[in-house]
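No lab work stands behind these numbers, since they all come straight from the coordinates. Here the structure is a predicted model, which is why all the values come from computation and not from measurement. Every residue, glycine among them, receives a Cβ derived from its backbone with ideal geometry; neighbour counts consider all protein chains shown.
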Amino acid sequence: MEVTSAPYQYLPPALRREINAMLHQAYQCEGEPDPDEPLHRPALEARSFCLASHGRLAAYASVLGKDIIHLGLVFSLGSLSCVATRPEMRGRGLGERVVAAASDWLRTCGRYDIAAFSCDAGLLPFYRRAAGWEAADVVLIANGDDCALRSDALGKIVVLELLSERAKRAEASFRGSAVNLGLPPGEFI
Ligand SMILES: CC(C)(COP(=O)(O)OP(=O)(O)OC[C@H]1O[C@@H](n2cnc3c(N)ncnc32)[C@H](O)[C@@H]1OP(=O)(O)O)[C@@H](O)C(=O)NCCC(=O)NCCS
């Protein structure tokens, strides 16, 4: 079982539908999944990481990218997203493997100044073991609206790693800061 990786926009429609169905089940979403609804907006230039077992999608993760403006400087931010393992296949290290592959790509592809995402505090040991992610003293805010989604209000911890030299030079400005993601209403990472 190998993790395969490709830009989301190039995935065959059948695999996209399988991803939608698996995520719907993994995240216990209500109602019926729309099999043909694109999972990621094209602007986020998503890269998909799939782990198949016996011809079925067993685990999935994606890396999403976007530019953010932090204290007047533009940084390219890459985020892990949609991490999931088919419920009946959990506890076998598949989630860890797909996260390891996606994290390795996120850190080394050269596209991103910053890696950041939010997750439940209980999942930090999973992300730490999979790829060495650590929590940071940062709040992520979806956008500038008064009622914008924010990681602290959602009860999430923030994982943030400065990747590029220019991001590292700005390290002090990130510590304890609120990072505006510039996302549309309702969207979060
Ligand atoms: C999180 C998830 C991807 C893990 O997949 P998996 O294939 O079971 O992962 P692995 O087998 O590599 O690792 C399992 C470890 O993660 C831990 N874990 C899984 N879900 C967890 C959760 N919600 N809270 C805390 N720990 C969790 C397990 O306890 C296990 O740890 P252990 O080995 O010490 O017992 C899977 O549980 C899932 O799809 N959850 C629903 C979607 C989700 O929450 N995604 C993450 C969004 S940030």
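Worth pointing out:
- Scanning region 30-68 for residues that are away from the ligand (no atom under 14 Å from the Cβ), under 11 Å from Pro7 (Cα atoms) and out of contact with any Pro (no Cβ under 9 Å at 6 or more places or on another chain) turns up His40, Pro42, Leu44.
- Hey, Ala142 crowded, with 21+ Cβ neighbours inside 10 Å, more than 8 Å from the ligand (Cβ to nearest atom) and not polar (S, T, N, Q) or not: yes
- Residue check, Ala115 in contact (Cβ under 8 Å) with a residue 40 or more places away in the chain, away from the ligand (no atom under 11 Å from the Cβ) and small (Gly, Ala, Ser): yes
- Subset tally (residues that are of a type outside the set (A, V, I, L, M, F, W, C) and either under 21 Å from Ala21 (Cα atoms) or crowded, with 18+ Cβ neighbours inside 10 Å (or both)) for region 94-125: 7
- Total residues in region 83-104, condition in contact (Cβ under 8 Å) with a residue 60 or more places away in the chain and either assigned to a strand (DSSP E or B) or in contact with a Cys (Cβ under 9 Å, 6 or more places away or on another chain) (or both): 2
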